[in-house]
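The values are calculated or read from the model by the stated rules, or taken from the named source; none is laboratory data. Just so we're clear, the structure is a prediction, and the values are computed from it rather than from any experiment. Neighbour counts run over all protein chains shown; Cβ positions are idealised from the backbone, glycine included. Remember, those area values only see protein heavy atoms, side chains included, never the ligands or the DNA or RNA. Shrake-Rupley method; radii C 1.70, N 1.55, O 1.52, S 1.80 Å.
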Amino acid sequence: MKEQNYSRAIEELEKIVTEIESEDISVDELSAKVKRAADLIRICKTVLYKTEEEVNAVLKDMREEQPMEE
């Protein structure tokens, strides 16, 4: 599977939710849509966790660079 970015995954997930809420899909399509939504949620969670780790690493580096106050 081609790696998706967070924005595209959210956009597709919102489309799926709208289709489900508006009942524009058949029962036959529902299972596939729910499975795809689960995949998209996993993609988003992975990106968010990775981003959180990166931000925390930057903040840690910034704290370590500050001179100690006496």
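Taking the radius of gyration and the Kirkwood hydrodynamic radius from Cα positions alone, what is the Rg/Rh ratio for the chain, to two decimal places?
1.31
Can you spot the lysines whose alpha carbon is less than 19 Å from residue 60's alpha carbon? Ignore those fewer than 8 places along the same chain.
Once the sequence-local lysines are set aside, what remains near residue 60 is 50.
Pop the C-beta distance of residue 30 and residue 56 into the FRET formula with R0 = 22 Å and round what comes out to the nearest 0.05.
Computed FRET efficiency for residue 30 and residue 56: 0.05.
Let me know the charge dipole size of the chain about its Cα centre in debye, to the nearest 20, where only the beta-carbon of Lys, Arg (+1) and Asp, Glu (-1) is charged.
The calculated dipole for the chain is roughly 360 debye.
Could I have the simple spin-label model distance between residue 64 and residue 7, label points 7 Å from Cα toward Cβ, reported in nm to one decimal?
Result: 3.2 nm between the two label points.
Please compute the per residue accessible area over the chain with all protein chains in place, 1.4 Å probe, rounded to a whole number of Å².
Heavy-atom SASA per residue in the chain reads 89 Å².
Per DSSP helix of 4 or more residues, -39500 (n - 2.57); summed, then divided by the residues of the chain. What does that give at 222 nm, rounded to the nearest 500?
-28000 deg cm²/dmol
If you roll a 1.4 Å probe over the chain with all protein chains in place, what percent of the accessible area is carbon or sulfur?
For the chain, the apolar C and S fraction of the accessible surface comes to 53 percent.
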